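Working notes, beginning with the structure itself.
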Amino acid sequence: MISLGLLFLLTLSLQTTPATQNPAAPQNSAAQKWALVWNDEFNGGNGSAPDRSKWVIETGGNGWGNHELEYYTNRLDNVQVQDGNLVITARKEAYSDNDGVVRSYTSARLKTAHKFAQTYGRFEARIQIPHGQGMWPAFWMLGDDIDQNPWPACGEIDIMENIGKEPAVVHGTIHGPGYSGAHGIGSPFSLPNGQNLADTFHLYAVEWSPDVIRFYVDDQLYATRTPADLPRDAKWVYDHPFFIILNLAVGGDWPGNPDATTKLPQTMLVDFVRVYKQTTR
């Protein structure tokens, strides 16, 4: 029989092992249920752009529906691969485009729309978030029918969002018709003892099946969403393919703007993004 002390040490070891080994095996208790179907390990050459066969780099500075302050660019200054990570960098700098849009910050936003989308499965990314007031990193998904069914009817799954003024907290949220924006249905996850999430990498994931979405940090389940959580007569819209988004916003309605304490540039590092389908084994 294993002693309680040894069992605790074994459990702690499993929880703290970095998820950088075999990409075909999620580092969770249900590893045997999943088969890898899509991934990006960001192992291109240093200073290279993200793989354009997998990602669309969005550009623009229109506030993105949240009164954000950044202009998303496709420059290597804002998004590149470095040392096996995707590096998204937010900078304080004047930037303008041909339409006369002028911003005081730049950053980057990537999506897999029209390149990859999936219904159900495990979606995970190992990320080291930035820190500082006004920073807003996110790993999230939108329904790929957004062109036919504009947000929020298409659905949104926020796997991980952090706002800089909450350095120990990330949020997992769903948005749909009748429960979007400030009325999204979400839960926070906090590290113990006030640890800052920006100090190291963490694994953020959802496991999505018909009628249930489960949220994880470092394979610790912290929230479960089902149709029973929705407002009365609201529609569960998580039954069709969703695509992936990675971005680092600056400012906006939720995080507030940078202030004198905010040190820029700030980086969001992504070690990998992996997507699995559940197997019948």
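Here L191 clears all of (1) modelled with pLDDT of 95 or more; (2) out of contact with any Phe, Trp or Tyr (no Cβ under 9 Å at 6 or more places or on another chain) except the condition numbered (1).
Would a scan of the stretch 146-155 turn up a residue that is surrounded by fewer than 23 Cβ atoms within 10 Å (Cβ to Cβ) and under 13 Å from the mean Cα position of the chain (by Cα)? No, that holds for no residue.
Just so you know, in the stretch 99-123 the residues that are closer than 24 Å to W64 by Cα and of a type in the set (D, E, K, R) include one that is surrounded by the fewest Cβ atoms within 10 Å (Cβ to Cβ), and it is D99. The one condition from (1) farther than 24 Å from D144 by Cβ; (2) hydrophobic (A, V, I, L, M, F, W, C); (3) free of Cβ contacts under 8 Å to residues at least 40 places away in the same chain that I129 does not meet is (3). Tell me yes or no: at least one residue of the stretch 142-154 is closer than 24 Å to L269 by Cβ and at pLDDT 95 or above. Yes, some residue in the stretch 142-154 is closer than 24 Å to L269 by Cβ and at pLDDT 95 or above. Assess whether L221 counts as being closer than 26 Å to A168 by Cα, of a type in the set (A, V, I, L, M, F, W, C) and in contact (Cβ under 8 Å) with a residue 60 or more places away in the chain. Judged against the criteria, L221 is not a match. If the condition is being in a loop (DSSP other than H, G, I, E, B) and under 21 Å from the mean Cα position of the chain (by Cα), then the stretch 78-104 contributes N78, D83, G84.
Regarding the stretch 118-128, can at least one residue be identified that is farther than 30 Å from P210 by Cβ, within 18 Å of the chain's Cα centre (by Cα) and either among the polar types (S, T, N, Q) or modelled with pLDDT of 95 or more (or both)? Before the answer, list the steps.
Of the stretch 118-128, the ones farther than 30 Å from P210 by Cβ are 128.
Still in the running and within 18 Å of the chain's Cα centre (by Cα): 128.
Remaining after also requiring either among the polar types (S, T, N, Q) or modelled with pLDDT of 95 or more (or both): 128.
Looking through the stretch 118-128, at least one residue is farther than 30 Å from P210 by Cβ, within 18 Å of the chain's Cα centre (by Cα) and either among the polar types (S, T, N, Q) or modelled with pLDDT of 95 or more (or both).
Look at I213 and say whether it is under 16 Å from the mean Cα position of the chain (by Cα) and among the hydrophobic types (A, V, I, L, M, F, W, C). Yes: the conditions hold for I213.
Return the only residue of S180, S190 being touching an Asp or Glu at 6+ places or on another chain (Cβ under 9 Å), farther than 28 Å from T262 by Cα and among the hydroxyl-bearing types (S, T, Y).
On the way: S190 fails: farther than 28 Å from T262 by Cα.
Every option except S180 fails the conditions.
When the test is whether a residue is closer than 21 Å to K111 by Cα, surrounded by 13 or more Cβ atoms within 10 Å (Cβ to Cβ) and touching a residue at least 12 places away in the same chain (Cβ under 8 Å), G251 passes it. Taken together, the residues in the stretch 44-58 that are among the polar types (S, T, N, Q) and either under 19 Å from the mean Cα position of the chain (by Cα) or outside any loop (DSSP other than H, G, I, E, B) (or both) amount to 1. Taking the numbered list (1) under 12 Å from the mean Cα position of the chain (by Cα); (2) without any contact (Cβ under 8 Å) to a residue 24 or more places away in the chain in turn, E161 passes all entries but (2).
Okay, residues lined up against (1) under 22 Å from T119 (Cα atoms); (2) out of contact with any Pro (no Cβ under 9 Å at 6 or more places or on another chain):
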{"position": "P227", "(1), (2)": "yes, yes"}
{"position": "W236", "(1), (2)": "yes, no"}
{"position": "N247", "(1), (2)": "yes, no"}
{"position": "D253", "(1), (2)": "no, yes"}
{"position": "T262", "(1), (2)": "no, yes"}
{"position": "V270", "(1), (2)": "no, yes"}
{"position": "V275", "(1), (2)": "yes, yes"}
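The residues on offer are I174, I127, I146, I159, and the sole one that is in contact with a Leu (Cβ under 8 Å, 6 or more places away or on another chain) and either closer than 22 Å to H240 by Cβ or assigned to a strand (DSSP E or B) (or both) is I127.
Among the residues making up the stretch 168-185, those that are over 14 Å from the mean Cα position of the chain (by Cα) and of a type outside the set (V, I, T) are A168, H175, G176, P177, G178, Y179, S180, G181, A182, H183, G184.
The values are calculated or read from the model by the stated rules, or taken from the named source; none is laboratory data. Note that this is a predicted model, so its numbers are computed, not measured. Glycine also receives a Cβ, built like all others from the backbone with ideal geometry; neighbour counts cover every protein chain displayed.
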